[in-house]
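The values are calculated or read from the model by the stated rules, or taken from the named source; none is laboratory data. On a predicted model such as this, the values are computed, not experimentally measured, just so you know. Every residue, glycine among them, receives a Cβ derived from its backbone with ideal geometry; neighbour counts consider all protein chains shown. Remember, those area values only see protein heavy atoms, side chains included, never the ligands or the DNA or RNA. Shrake-Rupley method; radii C 1.70, N 1.55, O 1.52, S 1.80 Å.
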Amino acid sequence: MPRKSRIKRIGEWFVTLFRSIGAVLYPPNVRNAFKSVTKNWKEYICFYLAAWVMTAGFWTVALCTEANMHAARSAVAEEFDYHVEVALLNNEQFANLDQQLMYQIERENEYIESYYWVNDGKALRDGTYSCRILLDETYGLETAYEEVYNDMIRRVSQDRREIRLSPLYTFAEDFGTPYTVQFWTVSLIWFAFSVLMMVILFLIRLDHFKFIYGIYMTCGADFPKLMGAAGGELVTVTVLTWLPGALVGILIAGILYIPRGVGLWFTAKAVLVPLLGGLIAVFSSVWFPMRRMSGQPPVRHLQAGDNTNLVSSPRRSFFLFGESFPGKYELYGFWRMRKYYIRLVLSAVLFAAFFISGLYVAGMKTFHDQLDPYEYLVAYRPPNYYEEVIPEEDEIIGDEPWAPTFDQDEMIRSDVDMFLTELEAIPGVSHAEWSVSLSGGFRQSHLLLKPGQLYDASDYAVSSKERQSEGFKWAANNYDCTVVDKLWIDNILRNNLGTFEGDPYAILEDPNAIIISEDIYNKQTYDFAPGDKVIVAVCEEAIPLEMVFDPRELLRQQIKNFKFRYETFTVCAVVKGLDSEDAITLGVGDATYTALTGRPSSRTELKVYMDAGSDMDTVQAAEDQIRKIISPFADWLVTPTGNYFESGIKSLKNDSAVILTLAVCLLLISPMVWYFSQIMFYRKRRNEFAVLHALGAPDDAFAKLHRLAGGVLSGTAFLITIGVSLLCNYLVYFCINTLLPWLHITESVRYEFSLSLPALIACVVISAVCGFLSCELPYRMFTKPDIGVRRVD
Amino acid sequence: MSTEINKDRVILEATDVVRQYTQSDEVITAVNRASMKVYEGEFIAIVGASGSGKSTLLHLLAGMDRPQAGHIVIRGQDITAMSADELGRFRGSFIGMVFQSHNLIPQFTALENILIPTLMCNKEDASYEEMFKKLVVSLGIEDRLHHLPSELSGGQQQRVAIARALINMPHILFADEPTGNLDRANADEVLELLLETKNMIGQTLIMVTHDMSIAERADRMFRMEDGKLELCNKRSSREHQA
């Protein structure tokens, strides 16, 4: 047959698609499908439940993301009545800008709605003025801002003047786009799960109903016609379950959000996506298996009237003579139909594994949501300050950063000494952090460690032969080299940010002393004790390496190909309980920091953290207080980051609970797969049992046969659940830890690989019980009554 | 045979058709370079021992299976070159199939089973109504239409299967030992019905059978032996039977 051109094939594909959709919507097919799925509802109960779960999931995702969006919008509108703030203005700038603005308002400038001066036009505590401008959105915010900037703000001298865009201006960028992306991403993921669950259930049905489709094909059915028959039924089931699914989805979203004070919003998107998502998912899940089946000759499907199509090759006879019944008989049967059983167990436990992975992702999300970002940056910014150019990841050293002179450095330290305590006493301020650090991975350096120093670091460390003879057999680069001084230590102790084991102040005297932490994501990963030796391998010469996925593999490549300088340090103190992300802290003195990183150790920025749960009034009042405190000190500036407000809005979200709910929904599919498949399977075995019974098999042997099968399936499910769960969690871990950062979709964050033991136990028990009952229930439903009837006959 | 055979018009032509199966590393050639020509209106019988490849050949000729080599041309169209969808539609329009084991859908009534092909070809009610009435009357199943297959006798089930095969008035009817599961009386009755409807519609009938008395009524007879197909005259087949 000559090969058709690609365009022709694409054209034919679309014709087939439209004909299939037409066949599904063809009124006689719709009538037949409705009759079929309502009259024989028991046969479709599995699909009803699956479609219900699917629709409820879509509704939950849609309503929860819409609730997030509206909560964010309301919070922003409530807190911010301006788009742009022009801050840090001196008297002259204030007068100039005020004049400009008044003139434009009088002229009824179409890009500006209104403006006002903070503190009613009086100078702030630091002697500066701040003007807040509300833009007119008629021509779009960007255009309005551009016009206002060019016509008014640009005409004010630039000296220290700072323009801050409020969340009201950056809403689309900060919340709108991320939330929309999140909505579509989660919806797509749920769509994928829905297709998977429907495909699995439909394949089970197809396996057992191939004979009917074979007859349809014999009678002239092409692929669209088969789609009309099978797809029509499942689409009807989906439409019928739309309302109950919607009710459950609304209930779940209500439970998750209303107690947090966030209302539910029924937008067109929130209503249409569950309906269309469900219909497309169902259509797709019928399309692919049916396409494959319709391509095969019908004569193959006509042979599937019993379970013969499930027999795996080779179809050799077993030597049954002298073997026991039902024990060996059924075990031989297991082997003969091994592909069916393996497919069944894998399909069923996959959903249990998804549940465990869902818990894992929810745990990651919870941890991330709990991290408190700093709210204010108090920075030393002399007139000759310029921004540091951050080098690219594959560069070894970037441009030399700005650094204060020796005199400036002395002055900065003295300033901070004077105002830090006062700063931390401001109501609502939790603590201030004054440090500078650089990631070891960024400098392509690493630590050499002894085996005893790895507590649970197998995900991070690689074996190394660099200093193996001295006992340093492992290398890891997940550390941040941090400058430590008395202030840093005092800050931790005073604010109860952590505790020290050993003498942390020894670092101030001994240049070879270091302070080190042990936790990654607040969980112990390394094990150090005061007096331990640690070697830092500092990269001296690097060559370009090929891109590798795995950070550990990258480290291996670096060790193999780069040249390092080795410096040995003694741990003087171990800091415990310090909040940690993806790296441990390696605290060193100023000189050592410069030696290890090649960067100056001067600190010019102070990060101010707020107490968890502080209200926005307290947070905003703190800014004024900070300005007052630092105003006597020259060249210090305060910049609000808006992080607290942003994390406050994010805290309204309940993403972890949503993920957990979807995971539970997926877990519900597992028993459905077990029972649906096995009931179909045993229904077709009725003739086999009738023959065996006629040949003299006693009734109790059938009970034994089913229990034996249940036991074998239960044991298999037990083992496979553990394996598949580990695999799924690892894939999630790999995806979030390595793949997404590599694709530049998320930030490069290292999470710990873990598996929730209680969830695993629950899933293993569910799988084992379902495995057993999937044999026992069909026995009670079909086999037992059948045998009884024949005896009476 | 009252239907006139049109010797100028070949309705089916099979050329060097091969079908092999692999079973436990062993290759079995079920149909080995089979060739045949069938004229419009003919009644062809294919005989042979069990396992000789008769049914496989019939499935290939009816487009129910795909040959590994060779061509099958029906009404001028090479069905081996058709896509699965084209072949499906072709079967619905031109081909009818009667199986030895009836292959009725157990959960459908006799009426529903008969009407499946009309549903598959989206036929309007009016287009098959007359044919349906004729079929159920001539096949004697008018009072069994609302019964499930399990409530019908073997002979009645086969009649329903025949009605299903004929409802779309196919040009060629393929019958795979349609009387194999029936007693003599029922077998004769079914054969008479098949020939009657063949004459009524003017179709071509290709039948696989073990029964030489049926085969002898065919216009031509082919014999399958170890996958090879050969034309044989009636005299030789009688000898063969003896």
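In the range A:474-500, what residues are over 35 Å from the mean Cα position of the chain (by Cα) and charged (D, E, K, R)? Of everything in the range A:474-500, those that are over 35 Å from the mean Cα position of the chain (by Cα) and charged (D, E, K, R) turn out to be A:Asp485, A:Lys486, A:Asp490, A:Arg494. Residues in the range B:96-148 that are of a type in the set (Val, Ile, Thr), surrounded by 20 or more Cβ atoms within 10 Å (Cβ to Cβ) and under 19 Å from B:Val190 (Cα atoms): B:Val98, B:Ile114, B:Val136, B:Ile141.
Looking at the structure I just gave you, is A:Val76 assigned to a helix (DSSP H, G or I), touching a Leu at 6+ places or on another chain (Cβ under 7 Å) and either within 14 Å of chain B (Cβ to nearest Cβ) or surrounded by fewer than 22 Cβ atoms within 10 Å (Cβ to Cβ) (or both)? Quick ask: steps written out before the conclusion?
On the way: assigned to a helix (DSSP H, G or I): yes; touching a Leu at 6+ places or on another chain (Cβ under 7 Å): yes; either within 14 Å of chain B (Cβ to nearest Cβ) or surrounded by fewer than 22 Cβ atoms within 10 Å (Cβ to Cβ) (or both): yes.
Judged against the criteria, A:Val76 is a match.
Residue pairs whose Cβ atoms lie under 9 Å apart, separated by 6 or more positions or on different chains, with the first residue in the range A:449-478 and under 20 Å from A:Thr570 (Cβ atoms) and open to solvent by 10 Å² or more (accessible area, probe 1.4 Å) and the second aromatic (Phe, Trp, Tyr) and modelled with pLDDT under 90, are A:Leu454/A:Tyr460.
Contact map, the range B:119-135: first residue over 21 Å from A:Val30 (Cβ atoms), second residue open to solvent by 30 Å² or more (accessible area, probe 1.4 Å), Cβ cut-off under 7 Å, separation 6 or more or different chains; pairs are B:Met131/B:Met169.
Would you pick out the residues in the range B:164-197 that are of a type outside the set (A, V, I, L, M), within 17 Å of B:Val136 (Cβ to Cβ) and either assigned to a helix (DSSP H, G or I) or under 12 Å from the mean Cα position of the chain (by Cα) (or both)?
The first filter runs over the range B:164-197 and keeps only residues of a type outside the set (A, V, I, L, M), leaving B:164, B:168, B:170-171, B:174, B:176-181, B:183-184, B:186, B:188-189, B:192, B:196-197.
In the following step, the residues that additionally are within 17 Å of B:Val136 (Cβ to Cβ) were identified as B:164, B:168, B:189, B:192, B:196-197.
Matches in the range B:164-197: B:Arg164, B:Glu189, B:Glu192, B:Glu196, B:Thr197.
When the range A:511-529 is examined, which residues are found to be polar (S, T, N, Q), farther than 23 Å from A:Ala595 by Cβ and part of a strand (DSSP E or B)? Result: A:Gln524, single match. Of the set (1) away from chain B (no Cβ under 14 Å); (2) under 26 Å from B:Arg89 (Cβ atoms); (3) without any contact (Cβ under 8 Å) to a residue 40 or more places away in the chain, all apply to A:Cys219 but (1). Residue count for the range A:203-216 under the criterion of being away from chain B (no Cβ under 14 Å) and aromatic (Phe, Trp, Tyr): the result is 0. Candidates A:Glu113, A:Glu66, A:Glu106, A:Glu79: the one that is modelled with pLDDT under 85 and within 30 Å of A:Gly263 (Cβ to Cβ) is A:Glu79.
Any idea which of B:Glu129, B:Glu151, B:Glu177 is acidic (Asp, Glu) and on the phi > 0 side of the Ramachandran plot?
Values: B:Glu129 fails: on the phi > 0 side of the Ramachandran plot; B:Glu151 fails: on the phi > 0 side of the Ramachandran plot.
None of the others qualify; the one that does is B:Glu177.
Just to be sure I understand, how many residues within the range B:68-79 are touching a Leu at 6+ places or on another chain (Cβ under 9 Å) and either of a type in the set (S, T, N, Q) or closer than 15 Å to B:Phe174 by Cβ (or both)? Walk me through how you get there before you give the answer.
Within the range B:68-79, the subset touching a Leu at 6+ places or on another chain (Cβ under 9 Å) is B:70, B:72-75, B:79.
Applying the additional criterion that residues be either of a type in the set (S, T, N, Q) or closer than 15 Å to B:Phe174 by Cβ (or both) yields B:72, B:74-75, B:79.
Looking only at that region, the number is 4.
Of the residues making up the range A:498-529, those that are among the polar types (S, T, N, Q) and open to solvent by less than 40 Å² (accessible area, probe 1.4 Å) number 2. Screening the candidates A:Glu106, A:Glu78 for the property of being closer than 30 Å to A:Val181 by Cβ and acidic (Asp, Glu) yields one hit, A:Glu78.
Each row is one residue, and each column tells you yes or no for (1) in a helix (DSSP H, G or I); (2) crowded, with 17+ Cβ neighbours inside 10 Å; (3) at pLDDT 80 or above; (4) touching a Leu at 6+ places or on another chain (Cβ under 9 Å).
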| residue | (1), (2), (3), (4) |
| --- | --- |
| A:Asn729 | yes, yes, yes, yes |
| A:Leu739 | yes, no, no, no |
| A:Thr746 | no, no, no, yes |
| A:Leu755 | no, yes, yes, yes |
| A:Ile766 | yes, yes, yes, yes |
| A:Leu777 | yes, yes, yes, no |
| A:Arg780 | yes, no, yes, no |
| A:Gly788 | yes, no, no, no |
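Residue-by-condition table, conditions (1) touching a helix residue (DSSP H, G or I) at 6+ places or on another chain (Cβ under 6 Å); (2) open to solvent by 10 Å² or more (accessible area, probe 1.4 Å):
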position	(1), (2)
B:Arg33	no, yes
B:Ala45	yes, no
B:Leu60	no, no
B:His71	yes, yes
B:Met82	no, yes
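Taking every residue in the range A:583-596 that is in a helix (DSSP H, G or I) and pairing it with any residue that is open to solvent by 50 Å² or more (accessible area, probe 1.4 Å), at least 6 positions away or on another chain, the pairs with Cβ-Cβ distances below 7 Å are A:Ala591/A:Pro511; A:Thr592/A:Pro511.
If you go through the range A:530-554 and keep only what is open to solvent by 10 Å² or more (accessible area, probe 1.4 Å), closer than 15 Å to A:Phe569 by Cβ and in a strand (DSSP E or B), you end up with just A:Lys533.
The numbered conditions (1) of a type outside the set (Gly, Ala, Ser); (2) under 30 Å from A:Leu135 (Cβ atoms); (3) over 25 Å from the mean Cα position of the chain (by Cα) are all true for A:Phe47 except (2).
Yes/no matrix, rows are residues, columns are (1) open to solvent by 40 Å² or more (accessible area, probe 1.4 Å); (2) over 20 Å from the mean Cα position of the chain (by Cα); (3) over 30 Å from A:Ile669 (Cα atoms):
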{"position": "A:Ile133", "(1), (2), (3)": "no, yes, yes"}
{"position": "A:Asn150", "(1), (2), (3)": "yes, yes, yes"}
{"position": "A:Arg160", "(1), (2), (3)": "yes, yes, yes"}
{"position": "A:Thr177", "(1), (2), (3)": "yes, no, yes"}
{"position": "A:Trp184", "(1), (2), (3)": "yes, no, no"}
{"position": "A:Ser187", "(1), (2), (3)": "no, no, no"}
{"position": "A:Trp190", "(1), (2), (3)": "no, no, no"}
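Screening the range B:8-121 for helices (runs of 4 or more DSSP H) wholly inside it with 2 or more residues that are within 8 Å of another protein chain (Cβ to nearest Cβ) returns the ranges B:84-94, B:110-120. Tally time: how many residues in the range A:573-601 are open to solvent by 20 Å² or more (accessible area, probe 1.4 Å) and under 20 Å from A:Leu497 (Cβ atoms)? Of the residues in the range A:573-601, 7 are open to solvent by 20 Å² or more (accessible area, probe 1.4 Å) and under 20 Å from A:Leu497 (Cβ atoms). Scoring B:Met169 on the criteria (1) within 10 Å of another protein chain (Cβ to nearest Cβ); (2) open to solvent by 60 Å² or more (accessible area, probe 1.4 Å) leaves a single failure, condition (1).
In the range A:226-254, what residues are within 14 Å of chain B (Cβ to nearest Cβ) and either open to solvent by 20 Å² or more (accessible area, probe 1.4 Å) or β-branched (Val, Ile, Thr) (or both)?
Hits for the range A:226-254 are A:Ala229, A:Glu233.
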